[in-house]
Amino acid sequence: MARNTIKAVDKHKKTYHIISFGCQMNAHDSEKLAGILQGMGYTPAGDETTAGLVVYNTCCIRENAENRVFGNLGYMKYMKQKNPGLVVAVGGCMPQQEAALEKLKETGAADILFGTHNLHTFGSLLEQALDTGIKVTDIWQEWDGSDRGYISAVRENPWRSGVNIMYGCDNFCSYCVVPLVRGRERSRKPDEILDEIRALINDGVVEIMLLGQNVNSYGQKSNDGAAFPELLRLVAGLKPALPRIRFMTSHPKDLSLELIHAIRDCENICRHIHLPVQSGSDKILQAMNRKYTREDYLSLLSALRREVPDITVTTDIIVGFPGETDDDFEATLELVRQARFGGAFTFLYSKREGTKAAEMDCPVPENTANERFARLVDTINPIALEISKSWEGRIVQVLAEKLEKGMFTGRAGNNMPVHFPDNGASSPIGSIVPVKITEGRTFFLIGEQCYQNHE
């Protein structure tokens, strides 16, 4: 059998399973892939062991995410021996990198390889593979100028949806491959975004998340005059009103006073912002090409909390960046104590091919990075617990999403998960309900549903 042919193709087993890695952008892309497949007559399978088609939507931001993909493909190679008609597709960020693409081909497990710029062509790539029995690789190096927002997504949650407002990134942080795999920054037109959101509201969506690698820079390169604060106000003012609006991710260098005022003025914009700081050391921030200082960042937090006192701030922090000294790391711990984050995604630095940081000297020894990581977590968690406990006795509005073991689960406007018991009344799932918080845990809240209508 030729290496580039599919051993056998079962054109009639039209079931699929999608496994998504990485960010909210990838998760929403996976919902679009599900929309394409269901439009072709495919139905979801319970898991990858029962599907006729398995799709991996990959992430390459960190080495661990790539390793998990290769581990899964090893298992898929074994599954193909048991089920020769199984078709495996790999898309997303990994195939956009030449070295990763070659390694994906070498596994022999992938029948279809596609990238971030041509997700909307996946249906035709699948049909090509099924019709010819030949493996397909189709990677676009650049965006073709089309708006992909029109793809009908199959939402994992019927009441929440992501909405892409832009694609790509122009920041070129020295550790990050996003501009290399998702391309340069480009914004969708406001009218297209608003039309998509209106359709989602009509379909029962009560919460949307505006998505972009750096939503704060939305519209900076377009000629329609709309910047991100203006877009937020337009979305918040839609009729019928959208109960909840979130956005991710915000870059501190582009967080404006106008954006802070939009959050303050519009009640349906959630009181939560994810604002990655990455480091508390000015030397490391400069090496990362973040374009702000620790004082810039702390000043932004002060302005946010002055205008929106109840806002919850979460962040990203990288430990062990090349050249990070003990003093640099202590500066990060001190910033964490000052900033008082409600939560943080913490990462060990991961060398990524093609980035500026990959060429830097002075790597941090693994044991030192691991020790620092543990100290960072030990600093973050008690602060997060204090913030959670500050909500005890208060009433928050929770979008109830599921019931497990007698407990409903959802998220408050501040983005914290909230668990509350089933009281035997009508199910609140899909509704925003008031919950009185009885206990704050480190990264979630526990409460009881009540009938007061304020937070």
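Observations on the model:
- Each of VAL90, VAL55, GLY133 was placed along the dipole of the range 1-144 (beta-carbon charges, centred on the mean Cα), and the one lying farthest toward the positive end is GLY133.
- Volume of the convex hull of the range 102-236 (Cα atoms only), normalised per residue: 143 Å³.
- Gain upon complete extension [LYS356, ASP195; 0.36 nm per residue less C-alpha separation]: 54.0 nm
- The range 336-375 residues near the modelled GLU439 label - backbone nitrogen below 15 Å, point 7 Å along Cα→Cβ: none
- Principal semi-axes in Å for the range 302-455 [√(5λ), Cα gyration tensor, largest first]: 38, 17, 13
- Distance cut-off 41 Å, percentage of C-alpha pairs in the chain lying past it: 20 percent
- Separation of alpha-carbon centers, the range 44-108 and the range 180-249, rounded to whole Å: 32 Å
- Placing +1 on the Cβ of every Lys and Arg and -1 on the Cβ of every Asp and Glu, with no other charges, gives the range 370-455 a dipole of roughly 100 debye about its Cα centre.
- Per-pair calculated FRET efficiency, R0 = 30 Å: ASP316 and LEU234 via Cβ, rounded to 0.05: 0.60
- Applying a DSSP loop filter and a limit of 10 other Cβ atoms within 10 Å to the trypsin sites (Lys or Arg not before Pro) in the range 360-455 leaves LYS405.
- With 25 Å as the limit on Cα-Cα distance, the pairs of LYS13/LYS77; LYS103/LYS283; LYS291/LYS356; LYS189/LYS291; LYS82/LYS135 that go past it are LYS103/LYS283; LYS189/LYS291.
- Accessible area expressed per residue, the chain, with surrounding protein chains retained (probe 1.4 Å, Å²): 44 Å²
- Relative contact order for the range 169-257, counting Cα pairs under 8 Å that sit 6 or more residues apart, in percent: 31 percent
- Prolate/oblate/rounded label for the range 219-378 (Cα gyration tensor, a/c 1.5): prolate
- When restricted to Cα atoms, the range 284-347 yields an Rg and a Dmax of 12.4, 37 Å, respectively.
- Radius 11 Å from Cβ of SER279, net charge of other residues (Lys, Arg +1; Asp, Glu -1): -1
- Packing rank of 13-25, 205-217, where each peptide gets the mean count of other beta carbons within 10 Å, highest leading: 205-217, 13-25
- Apolar share of the accessible surface for the range 323-455: 51 percent from carbon plus sulfur atoms, 1.4 Å probe.
- Charge dipole of the range 296-401 (Cα centre as origin; +1 on each Lys and Arg Cβ, -1 on each Asp and Glu Cβ, all else neutral): 440 debye, rounded to the nearest 20.
- CD proxy at 222 nm, helix term only [per DSSP H run n ≥ 4: -39500 (n - 2.57); per residue of the chain; nearest 500]: -10500 deg cm²/dmol
- Share of carbon and sulfur in the accessible area of the range 178-286 stands at 48%, probe radius 1.4 Å.
The values are calculated or read from the model by the stated rules, or taken from the named source; none is laboratory data. Treat the numbers as computed from the prediction; the structure is a model and nothing was measured. Quick reminder, even Gly has a Cβ in these numbers, built from the backbone with ideal geometry, and neighbours come from all protein chains shown. Heads up: the accessible areas ignore ligands, DNA and RNA and are worked out on the full protein's heavy atoms, side chains in. Shrake-Rupley method; radii C 1.70, N 1.55, O 1.52, S 1.80 Å.
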